[in-house]
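Right, one structure below, let's go through it.
The values are calculated or read from the model by the stated rules, or taken from the named source; none is laboratory data. Treat the numbers as computed from the prediction; the structure is a model and nothing was measured. Positions of Cβ are generated from backbone atoms using ideal geometry, with glycine treated the same way; all protein chains shown enter the neighbour counts.
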Amino acid sequence: MTNKRKVTSILMALTLGSVSGHYIDDIVEKYNLQTNRYPMEIEHEILSGCIGIYNESIPIDIYIKKTKICICALEETEVNYSYTSFINDNNNFFNIFELKKRECM
């Protein structure tokens, strides 16, 4: 393979990668596929408080049920309430979170 063909192949690969990247980015933006997650430490604290792991130990079946409800509520709340909003007004976050918990039951 000559140098000219190598350069052409590399340029074609870069162009194809660039176009594909923009196309995928447009799909992610169009269908709102990006994740709006909070920092892991914050999520952990919210879930721990929700499940009640700081209290007495609880039976495993109740723990699993509470965990599923709390994860559902957190996922639903994160979709509607950005992390920036959480930082500015976490009281409102917890009001929404409590409503979502009831919906997830």
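Beta carbons closer than 8 Å, at least 6 apart along the sequence or on distinct chains, pair a first residue in segment 73-85 that is in contact (Cβ under 8 Å) with a residue 12 or more places away in the chain with a second that is of a type in the set (S, T, N, Q) and surrounded by fewer than 13 Cβ atoms within 10 Å (Cβ to Cβ) for Glu78/Asn36; Val79/Asn36; Tyr81/Asn92; Ser82/Asn36; Tyr83/Asn36. Among the residues making up segment 64-105, those that are at pLDDT below 90, surrounded by 14 or more Cβ atoms within 10 Å (Cβ to Cβ) and of a type in the set (Ser, Thr, Tyr) are Tyr81, Tyr83. Among the residues of segment 48-64, those that are more than 16 Å from Lys100 (Cβ to Cβ) and in a helix (DSSP H, G or I) comprise Ser48, Ile60, Asp61, Ile62, Tyr63, Ile64. Residue-level check: of (1) farther than 21 Å from Glu41 by Cβ; (2) in contact with an Asp or Glu (Cβ under 9 Å, 6 or more places away or on another chain), Ala73 misses just (1). Please determine whether any residue of segment 27-39 is modelled with pLDDT of 85 or more and surrounded by fewer than 14 Cβ atoms within 10 Å (Cβ to Cβ). Yes, segment 27-39 contains at least one residue that is modelled with pLDDT of 85 or more and surrounded by fewer than 14 Cβ atoms within 10 Å (Cβ to Cβ).
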